[in-house]
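Each remark here refers to the structure printed beneath this line.
The values are calculated or read from the model by the stated rules, or taken from the named source; none is laboratory data. Just so you know, these numbers come straight off a predicted model, no measurement behind them. Cβ placement follows ideal geometry from the backbone for every residue including glycine, while neighbour counts extend to all protein chains displayed.
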């Protein structure tokens with residue numbers, strides 16, 4: 001049973017994923033911690049806000065839900081890729097609001113940087129075009145993406161979950177990230193983050209180059225510590241859940 005004096009852990013998933021991408025991680029943590037895995041708007045079971053939903057709009061939805069569920073109790077945000085940028089926006093405080101009083105730390109996996117994410121033009125266009133493809137072509141695109149951005153062998157259940165999450169994302173939620181969210185610049189608010197930050201990166205990440213963390217994230221978070229995991233791609237919670245759990249525990 002989770003101990004009351006330990007912070008809750010709040011998990012925010014990657015672009016194209018869902019709360020279920022954290023299943024293997026949660027299975028190892030639920031006995032000791034209260035865990036809250038969130039479907040971001042437009043993904044999993046959550047309806048989209050619009051096809052132009054901004055980082056701050058998504059962050060506000062998550063922050064309001066956490067305030068209702070956790071109150072001012074302590075918590076740590078664990079964000080992956082797109083979810084990492086949402087975590088940064090929440091931790092920095094939304095416009096007109098102070099950072100959450102209960103926030104005790106950040107653990108960010110292959111996080112999208114607080115500035116515009118360096119997505120090649122052809123990759124961005126492929127992302128924008130995907131909702132208009134036939135179901136067969138969308139599945140082909142999902143399988144191609146999975147093969148490109150992972151390096152560790154995956155269990156059949158994990159592979160099936162990655163594809164299922166990819167295909168059930170709403171068109172609006174899917175388009176919003178390459179069109180709006182990934183381009184957002186919230187660097188001017190990063191100095192407001194004073195809690196400890198742990199950064200994890202896959203050494204062979206083909207979706208977000210590992211150099212993004214030291215070059216585009218750490219300059220804004222001088223308190224951050226970066227750990228690079230050898231032989232790992234972009235989907236850390238699915239490729240190496242045990243290592244992710246280890247680093248989460250070390251950061252607390």
Would you mind finding the one in 29, 108 that is in contact (Cβ under 8 Å) with a residue 40 or more places away in the chain, crowded, with 24+ Cβ neighbours inside 10 Å and in contact with a strand residue (DSSP E or B) (Cβ under 9 Å, 6 or more places away or on another chain)?
108
Taking region 220-233 and keeping residues crowded, with 16+ Cβ neighbours inside 10 Å, touching a residue at least 40 places away in the same chain (Cβ under 8 Å) and part of a loop (DSSP other than H, G, I, E, B) leaves 232, 233
Is it true that residue 252 is touching a strand residue (DSSP E or B) at 6+ places or on another chain (Cβ under 8 Å), on the phi < 0 side of the Ramachandran plot and modelled with pLDDT of 95 or more?
no
Testing residue 217 on (1) in contact with a strand residue (DSSP E or B) (Cβ under 7 Å, 6 or more places away or on another chain); (2) free of Cβ contacts under 8 Å to residues at least 60 places away in the same chain, one condition comes back false. Which one is that?
(2)
Which condition number does residue 174 fail, the rest of (1) touching a residue at least 60 places away in the same chain (Cβ under 8 Å); (2) over 21 Å from residue 77 (Cβ atoms); (3) more than 17 Å from the chain's Cα centre (by Cα) being met?
(3)
Taking region 64-98 as the search range and keeping residues that are in contact with a helix residue (DSSP H, G or I) (Cβ under 9 Å, 6 or more places away or on another chain) and surrounded by fewer than 17 Cβ atoms within 10 Å (Cβ to Cβ), which one is modelled with the highest pLDDT?
95
Give the residue that is farthest from residue 247 (Cα to Cα), with candidates limited to residues of region 3-19 that are touching a residue at least 24 places away in the same chain (Cβ under 8 Å), surrounded by fewer than 21 Cβ atoms within 10 Å (Cβ to Cβ) and out of contact with any strand residue (DSSP E or B) (no Cβ under 8 Å at 6 or more places or on another chain).
3
So which helices (runs of 4 or more DSSP H) stay within region 111-168 end to end and still have 2 or more residues that are closer than 28 Å to residue 24 by Cβ and under 17 Å from the mean Cα position of the chain (by Cα)?
135-149, 156-168
Unmet criterion (only one of (1) over 27 Å from residue 142 (Cα atoms); (2) within 14 Å of the chain's Cα centre (by Cα)) for residue 60:
(2)
